[in-house]
Amino acid sequence: MKKIQDQDLERIIGQLLRYGVLLSSLVVLAGGIVYLIRHGGESPQFGTFRGEPDKMKNPAPMWKAIIKGEGRPLIQLGLLILIATPIARIVFSIFGYLSERDYLYMLITGVVLSVILWNL
């Protein structure tokens, strides 16, 4: 079995980041198009305050709204993918350092991941 080298790890991480941002951009673009098609002709009503709907805050209603074809939750999903991309990079780095038996960097990366997840 071939051992993963630093160059291989860097190339895979670069592709992970590139494709994560690309996927996020495509999902946000699709959500924006859907939103403009459905609500582009409406005029805003600034006199009425409406809080953020549940479908924008919780995953289960968000998925139901996306399946129904709503644009705003699709944009929200794209932003979540964008946020998850660097977190996935950190998780992948931990496994890469583990395969290289580089325990110091694995520990440091684990601390970074813990801090990021704690702040979410």
### Message
I'd like the residue in region 1-45 that is loosely packed, with under 12 Cβ neighbours inside 10 Å and among the polar types (S, T, N, Q) and, out of all such residues, is farthest from Glu70 (Cα to Cα).
### Response
Gln5
### Query
Of all residues in region 61-117, which are of a type in the set (Gly, Ala, Ser) and either surrounded by fewer than 17 Cβ atoms within 10 Å (Cβ to Cβ) or free of Cβ contacts under 8 Å to residues at least 60 places away in the same chain (or both)?
Ala65, Gly69, Gly71, Gly78, Ala84, Ala88, Ser99, Gly110, Ser114
#### Entry: Qualifying residues in region 27-68 (those that are of a type outside the set (A, V, I, L, M) and at pLDDT 85 or above) - the one farthest from Leu82 (Cα to Cα)
Arg38
### Query
Is it the case that Ile81 is of a type in the set (Val, Ile, Thr), under 30 Å from Thr109 (Cβ atoms) and at pLDDT 90 or above?
yes
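From Gly14, Gly78, Gly51, Gly20, which residue is under 24 Å from Leu120 (Cα atoms) and part of a loop (DSSP other than H, G, I, E, B)? Spell out the reasoning first.
Details: Gly14 fails: part of a loop (DSSP other than H, G, I, E, B); Gly78 fails: part of a loop (DSSP other than H, G, I, E, B); Gly20 fails: part of a loop (DSSP other than H, G, I, E, B).
Exactly one residue qualifies, and that residue is Gly51.
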### Message
Go through region 23-48 and report how many residues are more than 30 Å from Gly96 (Cβ to Cβ), of a type in the set (A, V, I, L, M, F, W, C) and either touching a Phe, Trp or Tyr at 6+ places or on another chain (Cβ under 6 Å) or assigned to a helix (DSSP H, G or I) (or both).
### Response
6
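The values are calculated or read from the model by the stated rules, or taken from the named source; none is laboratory data. Quick caveat, the model's predicted, so the values are computed rather than measured. Cβ atoms come from the backbone with ideal geometry, glycine included; neighbour counts cover every protein chain shown.
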